[in-house]
Amino acid sequence: MKKRIVALLMVLCMCTGLAACAGKQDEKKSEKSSGDEIVVSIATLNNPIVSNLVKLAQEYYDEKGVKLDFAVLPENDLREKATLEASTGGTTYDIYFTGPYEANFWITYGWAENLQPYLDKMTEEQKESLDLDDIFPSMLDSLSDPETGDVYALPFFGEASFFMYNKELLDNAGVTMPENPTWDDIYDIAAAVDDEAAGITGMTMRGAPGWGMSGAPFVTMINAMGGKFYDMDWNATVETDEQRAAWEMYKNILRDAGQDDIITYTYNECISLMNSGKCGIWYDATSNGPNLEAEDSLIKGKVGYAPAPSGWLWNWGMNINPNSADEKKQAAFDFMVWACSKDYVNLSLEKDPSGASTPSGVRASTYELDAYKDLPYAQPTLDALSDLDFNNPCKDEVPYVGLQYIAIPEFQEAGDKMTEALAAYVTDEITLDEALATTQKAFEQAAEEGGYKK
């Protein structure tokens, strides 16, 4: 399995021109700038909360002899480059931002540094600031070795998912959001709010292909409608009535009441549209709530939050490249402790009282702070996190775990193929039958190549 993935990534490396980085590995291994300054290179994503980390780190992180070099990448690019680097022993980056899906097999393949030795020798000041006992167990466990309990990444922010809606636009359309909406409810509300003549979009969701892009909301929609990807014998179950209903619902919402240029939308475009005050509903991560309540948001104070019929669970954590030089590893760990600490939470709230810069969904103490607990999205986020069952994602029993993804290495390829078929179906390039057949084949192949099907 590992050989197959590495071979695939090597081909990708040559095709994208990234293989040139391999020739720089020795140079990067011992890279220091003048005056023995250690340069810590960090591969991160262009998410608002992380972008604020970059800004605050450049202004407030002051570790003598250490320089931080951030590479801020679109999420799909980050996944591609991080996986390529990790699987080929690259040293372009010393810290990767990754999530539980990557942790699931990066730990097995030795692509991430075991942080336990670093945690064990922290200073008392670091121990107090990081306070591992304050981190929600589900967030820390998802980045740890399930057999030994050793931690391989520190969670920076976590998220579930919920509906965010513009109360003013719903009122104008004469509709009300139920306390526990179904997807049928959401379609009806979005259709009522949508007003092309007035430039009002009924609902926005991620439409850009990628298992972590459009795949995130779409898979939870499949779960909510009783769909699944495999039965208990690892037979693919895509061509079913339940899956068909989810595919049709996703298309109907976005075609009848969604954004223009559906398949170009990542969460960044969704944020912009929702923040413009011209969109009724957005289904996405709870970590986006703070951005809608930021001081520069046109809909600050106008947003309501409702639970998803079936949500997702994720966090973005930081892990250390095991191929980096030892002095860079320690410098990287020290930065990670600072960024993932209670002190950083307090700093982010001090600089931005709206909470838009504050890492959410990771620490219990964050939701006890007077400056945070009464923010409009705080309690809905806690509720969304508490309602999830990572180990039982579907209505029927299934042989896998994971909510918006299946926790097997092969899902990355199968999930990408699924979302490519989804985009083609939404834009009428292929029929639903063709999209389902393509996806069925992709998941059958994943089960066979992974050796799950007996």
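Just check the chain against the gyration tensor rule for me: Cα atoms, a ≥ b ≥ c as the square roots of the eigenvalues, rounded for a/c under 1.5, and otherwise prolate or oblate depending on whether a/b exceeds b/c.
It is oblate, given that a/c is not under 1.5 and a/b is not larger than b/c.
So which aspartates and glutamates pass the test for K167, namely a Cα distance under 16 Å, with those fewer than 8 places away in the same chain ruled out?
Within reach: E179, D185, D188, D194, D195, E293.
Of the cross-linked pairs K67/K328; K417/K454; K127/K373; K228/K453; K121/K329; K55/K81, which ones have a Cα-Cα span greater than 18 Å in the structure shown?
Numbers: K67/K328 10 Å; K417/K454 24 Å; K127/K373 24 Å; K228/K453 16 Å; K121/K329 14 Å; K55/K81 23 Å.
Pairs exceeding the cut-off: K417/K454; K127/K373; K55/K81.
About the Cα centre, and with charges only on the beta carbon of Lys, Arg (+1) and Asp, Glu (-1), how big is the dipole of segment 91-205? Nearest 20 debye, please.
Working: 3 positive and 24 negative charges, 44 e Å.
Charge dipole of segment 91-205: 200 debye, to the nearest 20.
Run through the DSSP bridge list for the chain and note the antiparallel percent, rounded to the nearest 5. Show your work: numbers first, answer last.
On the way: 25 of 38 bridges.
The antiparallel proportion sits near 65 percent.
Around Y61, what is the net charge, scoring Lys/Arg as +1 and Asp/Glu as -1 over all other residues with Cβ under 12 Å from its Cβ?
So the surrounding residues net to -2.
Quick check: from the Cα gyration tensor, does segment 25-142 come out rounded (a/c under 1.5), prolate or oblate?
Numbers: a/c = 1.29, a/b = 1.03, b/c = 1.25.
Note, shape of segment 25-142 comes out rounded.
Work through the residues other than K395 whose Cβ is under 12 Å from its Cβ and net out their charges, Lys, Arg +1 and Asp, Glu -1. Walk me through the numbers before you get to the answer.
Numbers: positive: K228; negative: E242, D389, D396, E397.
Here the charged neighbours net out to -3.
If you take the C-alpha gyration tensor of segment 256-298, multiply each eigenvalue by 5 and take the square root, what semi-axes do you get, largest first, in whole Å?
Details: eigenvalues 65, 26, 17 Å².
Computed over segment 256-298, the values are 18, 11, 9 Å.
Compute the length gained on full extension between A71 and D195: take 0.36 nm times their separation in residues and subtract their Cα-Cα distance, giving the result in nm to one decimal. Provide the component values of the computation, followed by the final result.
On the way: separation 124, 0.36 × 124 = 44.64 nm, distance 3.95 nm.
So the chain would gain 40.7 nm between A71 and D195.
Summing Lys, Arg as +1 and Asp, Glu as -1, what charge do residues with Cβ under 13 Å from the Cβ of K81 carry, K81 excluded? Let's see the in-between values first.
Details: positive: R79; negative: E75, D77, E80, E85, E102.
Surrounding charge for K81 is -4.
For segment 231-247, list residues with backbone N below 15 Å from a point placed 7 Å from the Cα of D396 toward its Cβ?
Backbone N within reach: 231-246.
With only Lys, Arg, Asp and Glu charged, each at its Cβ (+1 for the first two, -1 for the last two), find how big the charge dipole of the chain is about the Cα centre; round to the nearest 20 debye.
Working: 34 positive and 76 negative charges, 181 e Å.
For the chain, the charge dipole is close to 860 debye.
Mind sorting D326, D94 by how few other Cβ atoms lie within 10 Å of their own Cβ, fewest first?
On the way: D326 7, D94 27.
Arranged by neighbour count, lowest to highest, D326, D94 become D326, D94.
Calculate the all-directions average of the projected area of segment 47-115's alpha-carbon convex hull, and give it in nm². Write down the numbers at each step before the final one.
Details: hull surface 22.0 nm².
For segment 47-115, the mean projected area of the Cα convex hull comes to 5.5 nm².
Of S310, S276, how do they rank once you tally other Cβ atoms within 10 Å and put the fewest first? All intermediate terms of the calculation are to be shown ahead of the outcome.
Numbers: S310 24, S276 13.
The most exposed by this proxy come first: S276, S310.
What is the fewest-to-most order of E125, E80 by other Cβ atoms lying within 10 Å of their Cβ? All intermediate terms of the calculation are to be shown ahead of the outcome.
Working: E125 11, E80 19.
By the 10 Å Cβ count, ascending, the order reads E125, E80.
Whole number please: convex hull volume per residue, Cα atoms of segment 111-194, in Å³. Let's see the in-between values first.
Details: hull volume 14.4 nm³, N = 84.
Residue-normalised Cα hull volume stands at 171 Å³.
If a/c stays under 1.5 just call it rounded; otherwise compare a/b with b/c (prolate if a/b is bigger, oblate if not). Do that for segment 277-415, with a ≥ b ≥ c from the square roots of the Cα gyration tensor eigenvalues.
On the way: a/c = 1.96, a/b = 1.04, b/c = 1.89.
Verdict is oblate for segment 277-415.
Cα centroid distance between segment 58-95 and segment 225-286, in Å?
If you average the Cα positions of each part, the centres end up 31 Å apart.
Rule-based calculations on the coordinates, nothing more; no lab input. None of the values given here were measured: they were computed from a predicted structure. FYI the Cβ positions are ideal-geometry reconstructions off the backbone, even for glycines, and counts take in every protein chain you see.
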